[in-house]
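Peer 1: Can you read through this structure? Questions will come right after.
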Amino acid sequence: MPKKTSPLALAAFATSAALALPLYAHAAPAKPAQPTVEEAPLRAHLAFLSSDLLEGRGTGQRGGDLTVAYLEAQAMVLGLKPGNGNSYRQPVKIAGVKGLPEQSSLAVQANGAAHAFTYGKDWVWAPGDSQPAHTFNHDLVFVGYGIVAPEEGWNDYAGLDCTGKVVVAMVNDPQPTAAEAKRFGGKALTYYGRWTYKFEEAARHKCAGILLIHTDASASYGWSVVQNSWLAERFQLAQGTPGSGLQGWMTDPAARGLFTAAGQDLDKLRAAAEVKGFKPVALNAKVVGDEKAAVRTIEQFNVAGVVPGTDPKLKDEVVIYSAHWDHLGKQGTTGDIIYNGAIDNASGSAGLLAMAEAAVKSPAKRSQMFLWVAAEEQGLLGSAAYATAPLWPLNKTAAALNMDSLSNAGATRDVGTAGAERTDLGKMAEATAKAMGMRIAKPEPDLAGIYFRSDHFAFAKAGVPAFSIEPGSEAVKNAAAAKAIRDAYAAKYHQVTDEYDPAWDLSGMVQETQFALNLGQMVANAPKMPAWKAGDAFGAVRAAASK
């Protein structure tokens, strides 16, 4: 496809496509008993959204702006009502932040002497509060896992005044023991183990900064992943509660050297931090010097369209279907520089359009919102912004069903619903799958915390029952070929090779989107909204909000 196209031609193409794609729908039977997701519109949207014309749908890039215009036009043509007053757009203000080590003098001291840390090799950092400059002369304090979990009787910050302190924390969460096999989710990673939580908790304690100790095992990825993310511009919400002035990571070897120089044994401290009642340990070490960063503010948009409910009372409640429209955009200057993101996540965005086309023909008792969120690849920013300033009251949001990276490997006998079991949605998902001749995929321990890495999580944190529909693995046809397709995608993930192929079998995508729509309709027509299982931490959020 052409790599150079004028903005006017792009806009014209997007508008004409928006007007042309759904026209065949007028020939379909009016109001079928069950809304049916069709492959033709799904494929058409997928092909366009992942084309070079949209330049990889990058945050803060022209391709992202064109994508929003396309989704907005499609929502109008399909007959969705604007989700934000008279507008389909919800502004999301984002700060782009890039640490500038060459202009900074930030360094570490241990036992009163300079301790060599090389940016990129030993540590990475940037401000978490979108400010371009900070000056540090702050003591380092080891806070174990950096977790405060009242339901677990756990407080790694006990007795610590964080004012003027930079805390050092481990990634992951306390491991199960023979006596407490289920603590912190057992083998599965809880949100307390995610690096995002560690940053949030440090900010809540008003720490001057936080540095995480990286290991491949605790993070579930290598140091190169951290480097690639932090050496480039990173994005954070420009509104809401700011993070600490210093956020970053250090390698395990660098941490060991620092702790030794500060007169501490890192292994002994790690062992102590596994025991309930651990108290913070001050290190004879400091972070000193100036931190400089390049900061810019941009405006992106979530896109929201609504199918109003039919019940006089229940229409005030809503079921949300979500997918992120963004990918990695254009990067570099030579060769193929467009990260098309066909599977991740043109597939989910196209799926939502096809679902919306079906839903408008057969409304449910509750309202249904189709929500395309921005900046997922930058840290779930669009969904977080929505949860902070919801277009529909969260206490009247029955469920949030997310679609991210649908399958191009054909139909399956199972479907993934990890996280649904935390709420009434689990049983409803089982019933939906059974009615479709499917079953729920066998659950596996969530060792990498996948539940906390997709857009549904912003809703779960806010107390809304939520999870992501995931592809199954038991192929209906040619299991070996389907597995080969899935395995091949692993090498294309977040690469320029994640491109649409007209030869793809989209029966799996149709199946997953139909499952999501069927489940959403079940929720939308149920007598009451789904509830969290007793004792779930996110259920407590909804319970507190309803008081």
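The values are calculated or read from the model by the stated rules, or taken from the named source; none is laboratory data. Predicted, not measured: the structure shown is a model, and the values here were computed from it. With ideal geometry, Cβ positions are generated from the backbone for all residues, glycine too; neighbour counts draw on all protein chains shown.
Peer 1: Does the range 156-195 hold any residues that are more than 23 Å from Ala219 (Cβ to Cβ) and either assigned to a strand (DSSP E or B) or within 25 Å of the chain's Cα centre (by Cα) (or both), and which are they?
Peer 2: Selection gives Lys165 alone.
Peer 1: For Ala482, indicate whether it is more than 17 Å from Phe538 (Cβ to Cβ), buried (at least 21 other Cβ atoms within 10 Å of the Cβ), over 21 Å from the mean Cα position of the chain (by Cα) and not charged (D, E, K, R).
Peer 2: Here the answer is yes, as Ala482 does meet what is asked.
Peer 1: Of everything in the range 296-315 that's in a strand (DSSP E or B) and among the small types (Gly, Ala, Ser), which residue is nearest to Ala75 (Cα to Cα)?
Peer 2: Gly305
Here is a yes/no grid of residues against (1) within 19 Å of the chain's Cα centre (by Cα); (2) surrounded by 21 or more Cβ atoms within 10 Å (Cβ to Cβ); (3) within 19 Å of Leu189 (Cα to Cα):
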residue: Gly426; (1), (2), (3): no, no, no
residue: Ile450; (1), (2), (3): yes, no, yes
residue: Ser473; (1), (2), (3): no, no, no
residue: Val476; (1), (2), (3): no, no, no
residue: Asp487; (1), (2), (3): no, no, no
residue: Tyr493; (1), (2), (3): yes, no, no
residue: Ala503; (1), (2), (3): no, no, no
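Peer 1: Residue pairs, Cβ under 7 Å, 6 or more apart or interchain, first in the range 520-531 and at negative phi, second surrounded by 19 or more Cβ atoms within 10 Å (Cβ to Cβ) and part of a helix (DSSP H, G or I). List them.
Peer 2: That search, which allows pairs on different chains as well, returns Met522/Met428; Met522/Thr432; Val523/Met428; Pro530/Leu425; Pro530/Met428; Pro530/Val523.
Peer 1: Identify, from the list Thr412, Thr397, the residue that is crowded, with 20+ Cβ neighbours inside 10 Å, over 24 Å from the mean Cα position of the chain (by Cα) and touching a residue at least 12 places away in the same chain (Cβ under 8 Å). Steps first, please.
Peer 2: On the way: Thr397 fails: over 24 Å from the mean Cα position of the chain (by Cα).
The unique qualifying residue is Thr412.
Peer 1: I'd like the full set of residues that are surrounded by fewer than 21 Cβ atoms within 10 Å (Cβ to Cβ) and either over 30 Å from Ala181 (Cβ atoms) or among the hydrophobic types (A, V, I, L, M, F, W, C) (or both), limited to the range 263-277. Steps first, answer last, please.
Peer 2: Applying the first criterion (surrounded by fewer than 21 Cβ atoms within 10 Å (Cβ to Cβ)) to the range 263-277 yields 263-272, 274-277.
Hits for the range 263-277 are Gly263, Gln264, Leu266, Leu269, Ala271, Ala272, Val275.
Peer 1: Would you tally the residues in the range 373-391 being in contact with a helix residue (DSSP H, G or I) (Cβ under 9 Å, 6 or more places away or on another chain), more than 24 Å from Leu46 (Cα to Cα) and among the hydrophobic types (A, V, I, L, M, F, W, C)?
Peer 2: 3
Peer 1: Looking at the range 279-295, is at least one residue part of a strand (DSSP E or B), crowded, with 16+ Cβ neighbours inside 10 Å, modelled with pLDDT of 95 or more and basic (Lys, Arg)?
Peer 2: There is at least one residue in the range 279-295 that is part of a strand (DSSP E or B), crowded, with 16+ Cβ neighbours inside 10 Å, modelled with pLDDT of 95 or more and basic (Lys, Arg).
Peer 1: Tell me yes or no: at least one residue of the range 359-374 is part of a helix (DSSP H, G or I) and farther than 19 Å from Lys461 by Cβ. Outline the logic, then answer.
Peer 2: Going through the range 359-374, the residues part of a helix (DSSP H, G or I) turn out to be 359.
From the residues that got through so far, the ones that are farther than 19 Å from Lys461 by Cβ too are 359.
There is at least one residue in the range 359-374 that is part of a helix (DSSP H, G or I) and farther than 19 Å from Lys461 by Cβ.
Peer 1: Does the range 205-253 hold any residues that are assigned to a helix (DSSP H, G or I) and either within 19 Å of the chain's Cα centre (by Cα) or closer than 13 Å to Val166 by Cα (or both), and which are they?
Peer 2: Narrowing the range 205-253 to residues assigned to a helix (DSSP H, G or I): 216-219, 223-230, 252-253.
Residues satisfying the conditions are Ala219, Val225, Val226, Asn228, Ser229, Trp230.
Peer 1: At least 2 residues that are under 22 Å from Trp325 (Cα atoms) in each: list the helices (runs of 4 or more DSSP H) lying fully within the range 379-486 that qualify.
Peer 2: On the way: elements: 381-388, 425-435, 456-461.
Of the helices (runs of 4 or more DSSP H) lying wholly inside the range 379-486, those with at least 2 residues that are under 22 Å from Trp325 (Cα atoms) span 381-388, 456-461.
Peer 1: Also, I was wondering about something else. I'm told Phe459 meets every condition in (1) in contact with a strand residue (DSSP E or B) (Cβ under 6 Å, 6 or more places away or on another chain); (2) farther than 21 Å from Arg89 by Cα; (3) in contact (Cβ under 8 Å) with a residue 60 or more places away in the chain except one. Can you identify the failing condition by its number?
Peer 2: (2)
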